[in-house]
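Below: one structure, written as structure tokens.
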DNA sequence: TTATTAAAAGAGAATAATTATCTTTGCAGA
DNA sequence: TCTGCAAAGATAATTATTCTCTTTTAATAA
């Protein structure tokens, strides 16, 4: 987990209580929160925060690589504070999305693409979207 | 490529000129069109078509597995007429998205997951989101 | 072929999510 | 502590999408 205070400074961004709180809300929310989830969480600490500020701060954090957007088929955007290379497990029945890290798999796939190139395309990164069901 | 006329009948859906035209527009558009792209395309044939109809038909086609939504980080939804298992190449610099089929890779990854299960999760499907750059 | 009917299309209002604009506030360096 | 610029706040505007209601039409059977 990164120090948001330090990270903002390094990017030349002002450290404001809102930015810190919004970042922490995304971390705390777990399970890739929507903006609505984030607003709900942050309102506990900042009851008066403006919705526009939340959107603006999220965009600033995403465009400075301090947060990621999660790719999905749904209308509402979801956010992820985990920056390390990882994959996602999507539940078919609910909106649950879990992070999935697997170095062995990463190595396997990277080796495959090193051997077999995709024509007309230079790969920078890859990510698995795994759909299925969570079991108890 | 499926016969949309036959496919609609099989699903017990009425075959209407709009549905056929919208389906064909998605196929013709290539590169995973947005609703806007689809509307632009279809307006050539159907200048009077209602925007609401396009949305409604797309939802019907998606929920009957005749089209797929493309997962993305962007606000606007994009559609795909290719139903076969495949992956996507995302251009880092533009909005271009290309289909990528690779049976060998599918087998490799499937074999990996057969051997190494993810705990508490039953995999139904997986899909690679490959980001990078298209080269001439 | 025509009549019937349920489903789909059309039109436009409504909603939801997000962005933009403008003013006020406050962080950070001098 | 002071000052300037970046960020927050408030709210309007925009965009994408859905909903509601009416009209039309495809599909079935007489």
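Please treat every number below as a calculation from the coordinates, not as lab data. What you see is a predicted model; the values in this text were computed from it and never measured. Methodologically, a virtual Cβ is constructed for each residue, glycine included, from the backbone with ideal geometry; neighbour enumeration extends over all protein chains shown.
Build a GNM of chain B with springs between Cα atoms under 10 Å apart, and of B:56, B:24, B:69 the one that fluctuates most is B:56. Taking only C-alpha pairs under 8 Å that are 6+ residues apart, what is the relative contact order of segment B:22-129 in percent? Reported as a whole number, the value is 23 percent. Position residue A:73: other-copy label points at 2.1 nm, ordered by increasing distance, label point 7 Å along Cα→C-beta. Along the Cα-to-Cβ line of residue A:69, 7 Å from the Cα, sits a label point; which residues in segment B:34-54 have backbone N less than 11 Å from it? Answer for this model: none. By the count of other C-beta atoms within 10 Å, a proxy for reagent exposure, A:80, B:106 are ordered fewest to most as B:106, A:80.
Taking segment B:15-46 and a reference point 7 angstrom along Cα→Cβ of residue B:96, the backbone N atoms nearer than 13 Å belong to B:31-32. Going by neighbour counts of Cβ atoms within 10 Å, the residues B:79, B:112 line up, fewest first, as B:112, B:79. Modelled this way, with points 7 Å down the Cα-to-C-beta line, the labels at residue A:40 and residue A:117 are 4.9 nm from one another. From the Kirkwood radius over Cα pairs of the protein assembly as shown, Stokes-Einstein at 20 °C and 1.002 mPa s returns a whole-number translational diffusion coefficient of 103 µm²/s. The distance linking segment A:1-47 with segment B:37-52 is 42 Å (Cα centroid to Cα centroid, whole angstrom).
The reciprocal of the average 1/r between distinct C-alpha atoms defines the Kirkwood hydrodynamic radius, which for segment A:4-80 equals 12.5 Å.
Secondary-structure-derived ellipticity at 222 nm for chain A, considering helices only, amounts to -13000 deg cm²/dmol, per-run term -39500 (n - 2.57) for DSSP H runs with n ≥ 4. Chain B holds its axis-closest Cβ, relative to the rotation onto A, at the residue and whole-Å distance B:71, 2. For chain A, the C-alpha radius of gyration sits at 1.20 times the compact-globule guess of 2.2 N^0.38 Å, with N the residue count. Within 10 Å of the Cβ of each residue in B:94-103, the mean number of Cβ atoms contributed by other protein chains is 1.
Cα centroids of segment B:104-136 and segment B:54-84: 22 Å apart.
Over segment A:87-132, the ratio between the Cα radius of gyration and 2.2 N^0.38 Å evaluates to 1.40.
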